[in-house]
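For reference, the structure discussed in these notes is given below.
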Ligand code: SF4
């Protein structure tokens, strides 16, 4: 447990919710009013940027005004590059966040060669710069977050460990060891990245290293940086944060959306409060051996069955239409298939599902050539001669069935119905895809256990992950399914996704959620990715409006990653592996990047989006919108 003002973190305390202000820290009234809005939305800590000493000083005014108005919320100063601002802020607020990548180092994007001696000399230099802050924190009872960001690792760390989860962990441990030497333990740790896969691996590795080095089990602050806005931001955040919460890791969360900070709070709240009644879920058999690699991505090998599994097949998306009265060409519109009457042709979107589960309903028209239909076994018997029609069996039904498809048979099972005998039968049948479902309240962990069971039996059947949801809102569906299913894809588990959520959201939204989960886990790319920062007191332009403008011009550029960052101090580092970058470099000025390289400096804001498009065109990544329709 770490005391932070009146709101302790860690131990058996609830998962705390926090966010960060976006107004200029020198605007005392604006900062106070935004903080109050955040408190009223449910924030338990509020972080405020202190880019220099003058902002650090103004934290005293903000705090004074908040206390005067009766708000005792702990404040956190966010520090990059400026130890003197940190040392001042640590005397004023309850917690200071430092970034070990830039507390004592300037980023020059250089690859430097270090011997052990020069590396250790660097650590001594860090110690000298860092000790004053530790001593002030001890004296004033101030907590500290050592907050590593994947995008802003120091050149020293990059040269030795590379741009990796291990580098992120080492970056924090360098600072943490100094704190422990000084017997200073009021520490929270974070390992953020805009890539949920990297972020999940880094936190897990951090916990592993803390245990291995006999360091204390410090509380963890979870977050996905630059997650973006809208559904994309929510799903990316849930894949990263949710996966770790499912693993039992995380003591506070911040969801970083390119939206007002108050909008982040309900998302964080929904993710955290989901665990309030999780205690006492149905037991999951213990592992004798854990065959999944938690610190690096390895896709589980699955044999190829039609377009499932194999080396090259992307995960498939199955839509549930079993509850519809009738399937018509018009109803396929929501699933990405648009029928053009004059052309007598189907246009297929990048987010068109691959299969539709119809249950006992029947499609009586010519379906698009890329689509498959899945029927309950008795209904399939009458449809079996039609192209691309496949049966789904319950586990028991499959064992007894005399009639099966020659190409593809879906078999539905969970941890209870997948006995050794059934598993062996499935293993021998090269036409089976397992539809894995669960009723366990901790369903992700149970499904992960089933994957381990398959691996123990060397059963390489492709797996379609099924999850059923009811009586939740559309937004909860996004967050929960991204956690439950995304958490498995992050570990390389799963060959398809099947979300059943009748009544929770429109068909179109459910289908897009499935594709967005695959996009966030980087297992199937169907659209442009935006890595946009949440904005803060440093931001130099209207991030929300600019992100919307860039999105409206580029959303058809499938597979391209565009970074949209509010300031040049942290932006270039934080936009990580973006292909193109749009970064505020001064009032009314934007600097454009191709990868990590500056290609146009100080472009006036009014022309910057056009110049970005021009840049994308110059590098051969531009497509006219019309050409995307197939
Ligand atoms: S990149 Fe965005 S959130 Fe990060 S410091 Fe700059 S303006 Fe603030």
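The values are calculated or read from the model by the stated rules, or taken from the named source; none is laboratory data. Here the structure is a predicted model, which means the values were calculated and not measured. Positions of Cβ are generated from backbone atoms using ideal geometry, with glycine treated the same way; all protein chains shown enter the neighbour counts.
Evaluating residue 562 against the criteria (1) modelled with pLDDT of 95 or more; (2) away from the ligand (no atom under 16 Å from the Cβ) leaves one unmet condition, (2).
Per-residue answers, yes or no, for (1) at pLDDT below 95; (2) within 24 Å of the chain's Cα centre (by Cα); (3) surrounded by 15 or more Cβ atoms within 10 Å (Cβ to Cβ):
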{"position": "301", "(1), (2), (3)": "no, yes, no"}
{"position": "315", "(1), (2), (3)": "no, yes, yes"}
{"position": "318", "(1), (2), (3)": "no, yes, yes"}
{"position": "348", "(1), (2), (3)": "yes, no, yes"}
{"position": "357", "(1), (2), (3)": "no, no, yes"}
{"position": "364", "(1), (2), (3)": "yes, no, no"}
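Within region 539-546, at least one residue is within 16 Å of the ligand (Cβ to nearest atom) and either within 30 Å of residue 455 (Cβ to Cβ) or without any contact (Cβ under 8 Å) to a residue 24 or more places away in the chain (or both). Applying the set (1) within 16 Å of the ligand (Cβ to nearest atom); (2) not in a loop (DSSP other than H, G, I, E, B) to residue 24 leaves exactly one unmet item: (2).
Name every residue in region 211-247 that is touching a strand residue (DSSP E or B) at 6+ places or on another chain (Cβ under 8 Å), part of a helix (DSSP H, G or I) and more than 21 Å from residue 534 (Cα to Cα), in order of residue number. Once the filter is applied, which keeps residues that are touching a strand residue (DSSP E or B) at 6+ places or on another chain (Cβ under 8 Å), part of a helix (DSSP H, G or I) and more than 21 Å from residue 534 (Cα to Cα), region 211-247 yields 244, 245. The residues of region 109-165 that are in a helix (DSSP H, G or I) and without any contact (Cβ under 8 Å) to a residue 24 or more places away in the chain, listed by number, are 116, 117, 118, 120, 121, 124, 125, 128, 139, 161. Kindly indicate whether residue 228 is under 14 Å from the mean Cα position of the chain (by Cα), within 16 Å of the ligand (Cβ to nearest atom) and in contact (Cβ under 8 Å) with a residue 40 or more places away in the chain. Yes; evaluated as a whole, the condition is true for this residue.
Any idea which of 387, 396, 320, 403 is without any contact (Cβ under 8 Å) to a residue 40 or more places away in the chain and over 22 Å from residue 304 (Cα atoms)? Checking each option against the conditions leaves just 396.
Scan region 83-90 and tell me whether some residue there is more than 14 Å from the ligand (Cβ to nearest atom), at pLDDT 95 or above and not in a helix (DSSP H, G or I). Yes: region 83-90 contains one or more residues that are more than 14 Å from the ligand (Cβ to nearest atom), at pLDDT 95 or above and not in a helix (DSSP H, G or I). Residues of region 252-283 that are in contact with a strand residue (DSSP E or B) (Cβ under 8 Å, 6 or more places away or on another chain) and either surrounded by 22 or more Cβ atoms within 10 Å (Cβ to Cβ) or within 17 Å of residue 444 (Cβ to Cβ) (or both): 252, 253, 254, 255, 256, 258, 261, 264, 265, 268, 271, 272. Summed over region 573-587, residues that are more than 9 Å from the ligand (Cβ to nearest atom) and in contact with a strand residue (DSSP E or B) (Cβ under 8 Å, 6 or more places away or on another chain) total 9.
Among the criteria (1) away from the ligand (no atom under 16 Å from the Cβ); (2) modelled with pLDDT under 95; (3) touching a strand residue (DSSP E or B) at 6+ places or on another chain (Cβ under 7 Å), the one residue 619 does not fulfil is (2).
Given the criteria surrounded by 19 or more Cβ atoms within 10 Å (Cβ to Cβ) and farther than 25 Å from residue 45 by Cβ, does residue 211 qualify? Outline the logic, then answer.
Values: surrounded by 19 or more Cβ atoms within 10 Å (Cβ to Cβ): no; farther than 25 Å from residue 45 by Cβ: yes.
For residue 211, the condition - surrounded by 19 or more Cβ atoms within 10 Å (Cβ to Cβ) and farther than 25 Å from residue 45 by Cβ - is not met.
Within region 249-283, can you find the residues that are assigned to a loop (DSSP other than H, G, I, E, B), in contact with a helix residue (DSSP H, G or I) (Cβ under 9 Å, 6 or more places away or on another chain), more than 16 Å from the ligand (Cβ to nearest atom) and modelled with pLDDT of 95 or more? Let's see the steps before the verdict.
Just the residues of region 249-283 that are assigned to a loop (DSSP other than H, G, I, E, B), to begin with: 249-251, 254-260, 274-283.
Still in the list and also in contact with a helix residue (DSSP H, G or I) (Cβ under 9 Å, 6 or more places away or on another chain): 249-250, 254-260, 274-275, 281-282.
Cutting the leftovers down to more than 16 Å from the ligand (Cβ to nearest atom) gives us 249-250, 274-275, 281-282.
The answer is 249, 250.
Can you find, within region 33-79, the residue that is nearest to the ligand (Cβ to nearest atom) among those that are more than 30 Å from residue 270 (Cα to Cα) and assigned to a loop (DSSP other than H, G, I, E, B)? That would be 51.
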